[in-house]
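Input: a single structure, listed below in structure tokens.
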Amino acid sequence: MKLHHVGIATDDLNAARQRYRLLGYRLEAEEVLPSQGVRAAMLVSGDDRLELLEPTGPETPVGRFLAKRGPGLHHLAFLSSNVAADLERLANEGARLVDEQPRPGFGGHLVAFVHPSWSGGVLVELVEAER
Ligand code: CO
């Protein structure tokens, strides 16, 4: 499965955007996802994407992540042509899932997260998108 984006937790999305701009990444889209308590910016350079995540408050998944581990790598997102099928396949192999069912994520794409205990410490996201 191809990598779709790398998710990075930050407590200052605007400052982070400016830094990655120096590396050639431009803003593709920015959204607030109230259900996840996060403000997200997708940056793009060629085929590569970075997703910057700033929590909308401390009692959110990314807010708790920042409090515990500080800013930095949050997740790897892999491109899937069928998130529901891939989720079922991984669950059948014993993967611990964060999401039992795909749900709408950034850009309206169907996404689902797999627990970091499965991958050896990295939160894994599956994204159903064209590329
Ligand atoms: Co993501």
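Taking amide H positions as modeled 1.01 Å from N, with prolines and chain starts lacking one, the residues under 5 Å from G7 and 5 or more places away or on another chain are E51, H74, H75, L76, A77. Per residue, the chain exposes an accessible area of 56 Å² to a 1.4 Å probe, with every protein chain left in place. Only Lys, Arg, Asp and Glu carry charge here, each on its Cβ (+1 for the first two, -1 for the last two); on that basis the range 3-128 has a dipole of about 400 debye about its Cα centre. Loop exposure criterion: GluC sites (Glu not before Pro), DSSP state outside H, G, I, E and B, at most 10 other Cβ atoms within 10 Å. Applied to the chain, the longest stretch between such sites is 1-58. Taking θ as phi - 60° and the Karplus parameters 6.51, -1.76 and 1.60, the scalar couplings of the range 32-42 work out to 9, 10, x, 5, 9, x, 9, 9, 10, 10, 9 Hz in sequence order, x denoting glycine and proline. Sparse packing (at most 10 other Cβ atoms within 10 Å of the Cβ) combined with a DSSP loop state is found for the following trypsin sites (Lys or Arg not before Pro) in the range 1-105: K2.
Calculated on the Cα set of the chain, radius of gyration then Dmax: 14.2, 43 Å. Among L79, L22, L33, the largest mean-square fluctuation in a Gaussian network model of the chain (Cα springs under 10 Å) belongs to L22.
The values are calculated or read from the model by the stated rules, or taken from the named source; none is laboratory data. Bear in mind the structure is a predicted one, so any value in this text is a computation, not a measurement. No Cβ is skipped: glycine too gets one built from the backbone with ideal geometry, and neighbour counts run over all protein chains shown. Heavy atoms of the whole protein, side chains included, go into the accessibility calculation; ligands, DNA and RNA do not. Shrake-Rupley method; radii C 1.70, N 1.55, O 1.52, S 1.80 Å.
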